[in-house]
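Undergrad: Below you'll find the structure I mean.
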Amino acid sequence: MKRLLKITMVLAISLIAFGTYAQDATHNVFSKHTFKVNLTDPSGDHAGNTYTWAVLNSAGTAEAPAGTYSFITGPSAVDLNEVEIQWLASGDYLVQVTEQNTGGACTTLRQISIRVDGGDIDLLVEACDVAGTPLVDYTATTPDLTVLSTCNDKSGEIITRGSDDFGGSVRYFKVSMTAGGVAWTEGTWKFDYVATAGTVTSTDATVAGTNVAVALGTSSIILKVDVPNTPGPVASESINLNLTASAVSINTHTGDVNENGTVDNNKAKDAIVILPSPKTSDISID
């Protein structure tokens, strides 16, 4: 009985180990990776050989479905010993290369097993300072929302005699993009926005009308909002400033991929509050 138990335990451990090494690598959806063979070939044994690359289902019985991956280079040519692939959908795949000798029919096949973790694209909007540091730490037990309510930028300054110009205030929002849970730097991205007040600009992205376009290699940007101050007698006349994004998409090798459904993160969780100064008149003299 003890011997049988030992054999059973060894078998169980072996199965666990097999499951652990079932995938040779784990990648994130939308990520790009270069697959290579024969990088060191000092004698030129592989020169002139033809390589054919393929992405197969996990069983290796057929090509992976269209739309689950994209070859950025390749997949078949002479001396093509490396290719770049972008994953477009989660799942288990086999990347296979077939090498054929020059002028011959003999081939060698190699395979590598890849698991692609799922994850949607997700845009996050946060009220921040000029450096992009979020104003509120929402991971805290009791987030401090008082930091969102501040006097307007003209508060405490002298208003020019004969003028009713109470100036303006500048506030900031950080907008970040992730794809498959990873900061998105492997393609451009864009979104439309609506701000409850002010004029939106950015030095990190192109703002045209109500659309923002972000360049390749950038996973987060800062939007600057210039808001005219509205002085008033009471604090209830505050400006509640928020920014909401929509039509969010990233650009992969095969085209745009939209954010799925409505995501709460597409709007700053709490509005920035710009408190008014009293609308004090000019000083008159009797």
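The values are calculated or read from the model by the stated rules, or taken from the named source; none is laboratory data. Just so it is clear, the model here is predicted, and its values are computed rather than measured. Here the Cβ positions follow ideal geometry from the backbone for every residue, glycine too, while neighbour counts run over all protein chains shown. Remember, those area values only see protein heavy atoms, side chains included, never the ligands or the DNA or RNA. Shrake-Rupley method; radii C 1.70, N 1.55, O 1.52, S 1.80 Å.
Undergrad: I need the chymotrypsin sites (Phe, Trp or Tyr not before Pro) found in region 130-191, filtered to DSSP loop residues with at most 14 other beta carbons within 10 Å of theirs.
TA: Tyr138
Undergrad: Counting only heavy atoms of protein chains, what accessible area per residue, in Å², does the chain have with a probe of 1.4 Å?
TA: Per-residue value: 58 Å².
Undergrad: Let me ask something else. For the chain, set up a GNM with springs between Cα atoms under 10 Å and report which of Thr160, Thr178, Thr50 has the largest fluctuation.
TA: Thr160
Undergrad: List the relative contact order of the chain as a percent without decimals, with contacts defined as Cα pairs under 8 Å and 6+ residues apart.
TA: This gives 17 percent for the chain.
Undergrad: Order the following by accessible area, largest value first: Leu216, Leu243, Leu88. Probe radius 1.4 Å; ligands, DNA and RNA are ignored.
TA: Order by accessible area, largest first: Leu216, Leu88, Leu243.
Undergrad: Please work out how much length the chain gains when fully extended from Asp120 to Ala105, using 0.36 nm per residue of separation minus the C-alpha to C-alpha distance, in nm with one decimal.
TA: 1.0 nm
Undergrad: Now, a different point. Taking the Cβ of Val136 as the center, what net charge do the other residues with Cβ under 13 Å away carry, scoring Lys and Arg +1 and Asp and Glu -1?
TA: Here the count lands on -3.
Undergrad: So, in nm, how far is label Thr185 from label Thr160 when the simple model puts each one 7 Å beyond its Cα toward the Cβ?
TA: Label-label distance for Thr185 and Thr160, simple model: 4.6 nm.
Undergrad: Please find the FRET efficiency linking Thr196 to Thr26, where r is the Cβ-Cβ separation and R0 is fixed at 45 Å, and quote it to the nearest 0.05.
TA: 0.60
Undergrad: Could you run the Debye sum over the Cα atoms of the chain, one equal point scatterer each and no solvent, and tell me log10 of I(q)/I(0) at q = 0.09, 0.12, 0.15 Å⁻¹, two decimals?
TA: Listed by q, the Debye log ratios stand at -0.66, -0.89, -1.11.
Undergrad: Then there's this: Show me, bin by bin at 5 Å from 0, the whole-percent P(r) of region 121-274 based on Cα pairs.
TA: The calculated distribution, bin by bin, is 2, 9, 17, 20, 17, 13, 9, 6, 4, 2, 1, 0, 0.
Undergrad: While we're on this one: I want to check the label-to-label distance for Ser43 and Ala89. Put each point 7 Å from Cα in the C-beta direction and report it in nm to one decimal.
TA: According to this spin-label approximation, the distance is 4.4 nm.
Undergrad: Can I ask one more? Label points 7 Å out from Cα along the Cβ direction at Thr98 and Ser281: separation in nm?
TA: 9.0
Undergrad: In whole percent, and with a 1.4 Å probe on the protein chains, what portion of the accessible area of region 20-117 is carbon and sulfur?
TA: Heavy-atom surface of region 20-117 belonging to carbon and sulfur, 1.4 Å probe: 47 percent.
Undergrad: Follow-up question, since we're still on this one. At 0.36 nm per residue, minus the direct Cα-Cα distance, what do Lys36 and Thr210 gain on full extension? Give it in nm, one decimal, please.
TA: Additional length available on full extension: 58.3 nm.
Undergrad: What percentage of the solvent-accessible surface of region 203-286, computed with a 1.4 Å probe over protein heavy atoms, is contributed by carbon and sulfur atoms?
TA: 51
Undergrad: Would you check the accessible area of Phe30, probe 1.4 Å, heavy atoms only, in square angstrom rounded to 10?
TA: 20
Undergrad: Can you give the net charge of the other residues whose Cβ lies under 15 Å from the Cβ of Asn240, counting K and R as +1 and D and E as -1?
TA: Result for the neighbourhood of Asn240: +1.
Undergrad: Could you sort Ile239, Ile112, Ile85, Ile285 by their accessible area in this structure, using a 1.4 Å probe and putting the largest first?
TA: Ile285, Ile112, Ile239, Ile85
Undergrad: Once you list every other residue whose beta carbon is under 15 Å from the beta carbon of Arg115, what net charge do they have if Lys and Arg are +1 and Asp and Glu are -1?
TA: -3
Undergrad: Nearest 0.05, what FRET efficiency do Tyr138 and Asn258 give at R0 = 25 Å with Cβ-Cβ as r?
TA: Between Tyr138 and Asn258 the formula returns 0.45.
Undergrad: Of the residues Ala89, Ala77, Ala127, which exhibits the maximal mean-square fluctuation in a Gaussian network model of the chain defined by a 10 Å Cα contact cut-off?
TA: Top of the fluctuation ranking is Ala77.
Undergrad: While we're here: Dipole of the chain (Lys/Arg Cβ +1, Asp/Glu Cβ -1, origin at the Cα centre): which of Val248, Ile283, Thr141 lies farthest to the positive side?
TA: Thr141
Undergrad: Using only Cα atoms and rounding to the nearest 10 degrees, what angle (0 to 90) does helix 2-20 make with the longest principal axis of the chain?
TA: That works out to roughly 60 degrees.
Undergrad: With r defined as the distance between the Cβ atoms of Phe71 and Cys151 and R0 fixed at 45 Å, what FRET efficiency is calculated, to the nearest 0.05?
TA: Taking R0 as 45 Å, the efficiency between Phe71 and Cys151 is 0.20.
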